[in-house]
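Working notes, beginning with the structure itself.
The values are calculated or read from the model by the stated rules, or taken from the named source; none is laboratory data. Please read all numbers here as calculations on a predicted model, not as lab measurements. Backbone-built Cβ (ideal geometry, glycine too); neighbour counts: all protein chains shown. To get the accessible areas, we keep the full protein, side chains included, count just its heavy atoms, and leave off ligands, DNA and RNA. Shrake-Rupley method; radii C 1.70, N 1.55, O 1.52, S 1.80 Å.
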Amino acid sequence: MTAGIALRSREARTAHLPAPMSEPQGHARLGELLPRDRKPLYAQFAQLLRRAITEGRLEAGTALPPERDLAAEYGVSRITIRKAIAELAEDGLLTRKQGAGTTVAARIEQSFSRISSFSEEMAARGQVASSAWILRAAGAVTPAEAMQLNLSPGAPVMRFHRVRIADDAPMAVEFSTVPGYCLGGVDDVSESLYAALAFTGHRPVRALQRLRAVPFTGAQARLLGVDAGTPGLLIERCGFLRDGRPVEYTQSYYRGDTYDFVAELTDL
């Protein structure tokens, strides 16, 4: 019996193999392949894994046993196991890393009902947020930025471009612009933009957001460690002060395989 997830192979139902050992605490049984199921074996195994993940029996971060052990448990080929895992990895349910094996992917829920920064969202989930800086510079506003921030042509702005990271995993590429009067300088932002804006009294109190699906460009894909053309989520946010002045324009490109955006709806 392999360490990790307790599984039952087809052969386990025959007399010449020993009965499965009891499961280690904290690991979930996936189930068994059905001999009368006409779906391909890889599709059956993928369905068992998918159901265990979506039902919460396999928690985020759970490591799957090696392919050879899974193949032995189920009495199928390693190619069958590999194809099933590849399907779920493509769907964002599993994460494969060279030398580290396969784990259940962690998904993050971000609410649309409140204004919060990436750093605050990660801290609320017990994760460590960090950044890989692409650009941190002052300059003159572009026409597109001027429209969003209600600034005159040539007005000074500060730009913050970076890869947002949670627990060493790249999650999003973020491009933020704020009016020059909001901060003392670009070095005011070390990690959280909203913390820096709050320090100067310019943290937004409301925001308008727009979400749409986009394919990642080659440059974006390289920064996020995914393939070019992979589906992602673009969130455009314009944040406002209490007096109505816009103080933030941010475009964030999130990995679609790690993020769920949640909005609560009511019947007023």
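So, restricting to strands (runs of 3 or more DSSP E) that lie completely within the range 125-213, which ones have at least 3 residues that are open to solvent by 30 Å² or more (accessible area, probe 1.4 Å)? Please lay out each step first, then the result.
Values: elements: 129-140, 156-166, 169-179.
By residue number, 129-140, 156-166.
Is it true that GLU121 is open to solvent by less than 60 Å² (accessible area, probe 1.4 Å), at pLDDT below 80 and not polar (S, T, N, Q)?
Details: open to solvent by less than 60 Å² (accessible area, probe 1.4 Å): yes; at pLDDT below 80: yes; not polar (S, T, N, Q): yes.
Spelling it out, GLU121 is indeed open to solvent by less than 60 Å² (accessible area, probe 1.4 Å), at pLDDT below 80 and not polar (S, T, N, Q).
Here's the yes/no breakdown for (1) closer than 26 Å to ALA123 by Cα; (2) among the small types (Gly, Ala, Ser):
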| position | (1), (2) |
| --- | --- |
| PRO143 | no, no |
| ALA155 | no, yes |
| MET158 | yes, no |
| PRO170 | yes, no |
| VAL173 | yes, no |
| ALA198 | yes, yes |
| GLY218 | no, yes |
| LEU223 | yes, no |
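So, of the residues in the range 171-203 that are touching a strand residue (DSSP E or B) at 6+ places or on another chain (Cβ under 7 Å) and under 13 Å from TRP133 (Cβ atoms), which turns out to be modelled with the lowest pLDDT?
GLU191
Somewhere in the range 234-241, is a residue touching a residue at least 24 places away in the same chain (Cβ under 8 Å), open to solvent by 50 Å² or more (accessible area, probe 1.4 Å) and acidic (Asp, Glu)?
no
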